[in-house]
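The values are calculated or read from the model by the stated rules, or taken from the named source; none is laboratory data. As the structure is a prediction and not an experimental result, all values here were calculated from the model. Positions of Cβ are generated from backbone atoms using ideal geometry, with glycine treated the same way; all protein chains shown enter the neighbour counts.
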Amino acid sequence: LPPTDAGAAMSAQPPADEDAVRAASIEKYRKRAAGYDATCGPTWPIRERTVALLGLQAGQSVLDVGCGTGLSLPLLRAAVGDTGRVHGFDQSPDMLAQARRRVAEAGWDNVDLFETAAQDLRLPGRVDALLFHYTHDILRSHSAIDALLACARPGAVVAIAGIKYFPRWLAPLNLWVYLKNHGYNGAPGELRTPWDRIAPRLVDWSISTTQYGMGYLARGRVPE
Ligand SMILES: C[S@@+](CC[C@H](N)C(=O)[O-])C[C@H]1O[C@@H](n2cnc3c(N)ncnc32)[C@H](O)[C@@H]1O
């Protein structure tokens, strides 16, 4: 188990083996997929705020990074309308199967879903916006960030929400945060500043905390 200053301890570790992290995540979501949506009620307002930060306009294109079961798809689809396009991808076949069902039931013909690792994603064009909603493993991977930013047009908006450690004065609670995160990620830990690999790649960066300090909401833009 991590010490209370787990973020500092974990960041001293060598970079994780990406294949092992991915395999661990796929296995966790194999077990978690069926019950996943039922756990997301409390974070629904954060999902709405994160999508709103994208400032999407009708006709734009947006990428739902690690889209999971597709809970954000209705919000994104509503924001870009009939003339826009939503792309989503996830490496977990169990999570993506639910997203595919959601798209089929809604009858959307401008939502594409791909079963792929973030690290391997290639899109035919460049999107106007990227949503990272609770995608910790992806944000800790330099190669995933490289691949995803290559799918964005210059000036594209990036909105990110996720879990982080409480501030130091609440450090004893961070054991609970670590264990909570452990259930959802192949590489749990590195929760002090989980955005610190993508933030330097963006401009107009802004960040605020949510959930009494154990969450964050951030926005930036891909440099022109
Ligand atoms: C906590 S879930 C969030 C799902 C969705 N974004 C949401 O807000 O409900 C994290 C998702 O990231 C996916 N994921 C983790 N690492 C990935 C990677 N390297 N490539 C693609 N998907 C990944 C997992 O399979 C999982 O569906």
- Of (1) in a loop (DSSP other than H, G, I, E, B); (2) closer than 30 Å to residue 60 by Cβ; (3) touching a His at 6+ places or on another chain (Cβ under 8 Å), residue 224 satisfies every one except (3)
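Listed here are the residues, each with its yes/no results for (1) of a type in the set (Asp, Glu); (2) surrounded by 21 or more Cβ atoms within 10 Å (Cβ to Cβ); (3) in a helix (DSSP H, G or I); (4) over 15 Å from the mean Cα position of the chain (by Cα).
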| residue | (1), (2), (3), (4) |
| --- | --- |
| 21 | no, no, yes, yes |
| 32 | no, no, yes, yes |
| 37 | yes, no, yes, yes |
| 47 | no, no, yes, no |
| 51 | no, yes, yes, no |
| 69 | no, yes, no, no |
- Message: For the structure I just gave you, tell me whether residue 86 is part of a helix (DSSP H, G or I) and within 15 Å of the ligand (Cβ to nearest atom).
- Response: no
- Exactly one of (1) at pLDDT 95 or above; (2) more than 10 Å from the ligand (Cβ to nearest atom); (3) out of contact with any Leu (no Cβ under 6 Å at 6 or more places or on another chain) is unmet by residue 42. Its number? (1)
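Filtering the stretch 193-221 down to residues that are within 16 Å of the ligand (Cβ to nearest atom) and part of a strand (DSSP E or B), which residue is surrounded by the most Cβ atoms within 10 Å (Cβ to Cβ)?
Checking each candidate, the answer is 218.
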- Hey, among 63, 76, which residue is in contact with a helix residue (DSSP H, G or I) (Cβ under 8 Å, 6 or more places away or on another chain), buried (at least 20 other Cβ atoms within 10 Å of the Cβ) and not in a helix (DSSP H, G or I)? 63
